[in-house]
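The values are calculated or read from the model by the stated rules, or taken from the named source; none is laboratory data. Remember, predicted model here, so these are calculated numbers, not experimental data. Cβ: placed from backbone, ideal geometry, glycine included. Neighbour counts: every protein chain shown.
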Amino acid sequence: EQLDALYRRVIMDHYKKPRNKGVLPDGNVTIDMNNPTCGDRIRLTMKEKDGIIEDVKFEGEGCSISMASASMMTQLIKGKDINTALKLSRIFSLMVQGKDYDDEQLDLGDIEALHGVSKFPARIKCATLAWKAMEKGLLSTNE
Ligand code: FES
Ligand code: FES
């Protein structure tokens, strides 16, 4: 119960004070993605150099879960290499589906606050919207 309250506070904090909000003027990866079931959308811009995500920002319109998750995601992947970012995305996806996951000794930052989403299957797409956008953007840099 107390943990739930803490998690709710973390989620609302990211929703009300989003980290890395905006558009990167010098980004070299831009991805637009939406959740077709509700129309909520996100635009992610990243500055990727030599396999490192040097900077990342997001903007969009969506529910508290989707926007808080985007904020947490940008905070977590900034400065990371592409493989680590993709690994974190896999971990997060398992977490919000309520499946077992191995944190692989990575710092998960605030994203654990969203593990309760697994109890609300309709919300899983909200939580993963920003992550799917990030994956799509990074995979496109490998082409
Ligand atoms: Fe409540 Fe989206 S409507 S989190
Ligand atoms: Fe649209 Fe959550 S209700 S992303």
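Return yes or no: is Ile77 among the aliphatic types (A, V, I, L, M), within 14 Å of ligand 2 (Cβ to nearest atom) and in contact with a strand residue (DSSP E or B) (Cβ under 8 Å, 6 or more places away or on another chain)? No: the conditions fail for Ile77. Condition check for His115 on (1) surrounded by fewer than 23 Cβ atoms within 10 Å (Cβ to Cβ); (2) at pLDDT 95 or above; (3) under 16 Å from Tyr7 (Cα atoms): one failure, at (2). Applying the condition of being surrounded by 18 or more Cβ atoms within 10 Å (Cβ to Cβ) and of a type in the set (A, V, I, L, M, F, W, C) to region 125-143 and asking which residue is farthest from ligand 1 (Cβ to nearest atom) yields Leu138.
Scanning region 80-116 for residues that are among the basic types (Lys, Arg) and assigned to a loop (DSSP other than H, G, I, E, B) turns up Lys80, Lys99.
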